[in-house]
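The values are calculated or read from the model by the stated rules, or taken from the named source; none is laboratory data. All of these numbers come straight from a predicted model, not from anything done at the bench. For neighbour counting, all protein chains shown are included, and Cβ atoms are generated from backbone atoms with ideal geometry for every residue, glycine included. Note: accessible area is taken over every heavy atom of the protein model, side chains too, but ligands, DNA and RNA are not part of it. Shrake-Rupley method; radii C 1.70, N 1.55, O 1.52, S 1.80 Å.
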Amino acid sequence: MPSLALFQWFLALDAAPSPQPFTFILADYNPSVLQLVTLPNFLLAWALHHRRQQHPALQGAFSIDGELEITPDLLQAFEKNLQERNMTLTFLSGGWSQDFVDLLYSLSGSSVYGQSHAPGVILLLGAETIYSPFALEAFNETMLAILRREQAVPAVHATAFVAAKRLYFGVGGSLDDFVDKARARGATVTKLREEAGGVARGVVRCDLPTAASDDHMVDG
């Protein structure tokens with residue numbers, strides 16, 4: 001959902017090609033989720049946006065019930081529009097681990113941002129990724145490994161936003177535990193938002209201090 005929201009925001013910008021690439025790298029443990037849920041939702045979000053603009057490829061693509069028929073012409077229009085906007089979608093399946101990090105950089109090179117020397121921003125989004133102690137530990141290590149790798153690249157700024165429940169009843173994961181472990185590994189963690197009503201949730205930002213920054217931790 002956070003990636004879809006960011007994708008919709010990008011579509012709402014000027015349709016002119018971006019001077020710098022805009023890349024989504026979407027990950028899930030199961031490849032079937034990427035194939036049957038993630039990609040179709042991106043395609044649907046794109047179609048709903050361009051439906052209002054009466055894109056020719058979308059004429060008759062929606063049924064009376066609002067379902068989208070995926071045709072070769074529709075897929076071609078989708079891919080062409082992404083190319084025109086200098087945007088790419090990449091999908092990775094696998095568990096949080098060093099092997100996952102190695103796979104990521106085997107595709108993207110020395111930086112997720114690519115080979116460009118222009119200033120760039122790497123944004124890691126994690127939602128419901130720390131639902132158990134094992135998943136919390138694995139995601140924490142993976143996130144920090146990517147941030148360390150990106151921090152070593154000149155002109156690239158990397159940060160992570162993690163959204164989660166304060167406590168996952170029955171399985172043991174918690175946002176507070178994630179924050180404590182990230183700080184213990186040298187991350188600067190800022191609490192951005194908390195929702196106390198109903199199921200308590202929160203959003204935190206994780207950064208690694210630069211060489212010129214102080215070593216203290218920030219709790220916003």
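Structural remarks
- Given their separation in residues at 0.36 nm each and the Cα-Cα distance between them, T210 and L103 gain 36.0 nm when the chain is fully extended.
- Rounded to 10°, Cα long-axis angle of helix 39-51 versus longest principal axis of the chain: 50
- Accessible area of L123 in the full protein assembly, 1.4 Å probe (Å², nearest 10): 80
- Extending 7 Å from Cα along the Cβ direction at Y29 and again at L75 yields two label points whose distance is 2.9 nm.
- One way to sum up the overall shape of the range 162-206 is the equivalent ellipsoid from its Cα gyration tensor, whose semi-axes run 19, 13, 6 Å, largest first.
- Kirkwood hydrodynamic radius over Cα pairs of the chain, then Stokes diffusion coefficient at 10 °C and 1.306 mPa s, in µm²/s: 83
- Highest-MSF residue in the chain out of Q35, Q98, Q59 [GNM, Cα springs under 10 Å]: Q59
- Of all the options T88, T142, T159, the one that moves most in a Gaussian network model of the chain with Cα springs shorter than 10 angstrom is T88.
- Charge sum, other residues only, whose C-beta stays under 13 Å from G94's C-beta, Lys/Arg counted +1 and Asp/Glu -1: -3
- Accessible area in square angstrom per residue, the chain, 1.4 angstrom probe: 57
- 5 angstrom amide H check on G94, placed H, neighbours 5+ away: D28, Y29, N30
- The largest accessible area among Y131, Y168, Y29 belongs to the first residue in Y29, Y131, Y168, and the rest follow in falling order (1.4 Å probe, all chains).
- Net charge in the neighbourhood of L107 (other residues with Cβ under 14 Å of its Cβ; Lys, Arg +1, Asp, Glu -1) is -1.
- Two-decimal Rg to Rh for the range 113-205 - Kirkwood Rh, Cα set: 1.02
- Heavy atoms of K181: accessible area, 1.4 Å probe, square angstrom to 10: 60
- Using the Karplus relation 6.51 cos²θ - 1.76 cosθ + 1.60 with θ = phi - 60°, the per-residue 3J(HN,Hα) values for the range 202-208 come to x, 10, 10, 10, 10, 9, 9 Hz, with x marking Gly and Pro.
- In order along the range 152-165, phi translates into HN-Hα couplings of 7, 8, x, 6, 10, 10, 10, 8, 10, 10, 10, 10, 6, 6 Hz, rounded to whole numbers, per the Karplus curve 6.51 cos²θ - 1.76 cosθ + 1.60 with θ = phi - 60° and x for Gly and Pro.
- Solvent-accessible area of E194 with every protein chain in place, 1.4 Å probe, in Å² to the nearest 10: 110
- Length added when fully stretched, L82-A45, from 0.36 nm per residue minus Cα-Cα: 12.0 nm
- Accessible surface of the chain, 1.4 Å probe, proportion on carbon and sulfur as whole %: 56
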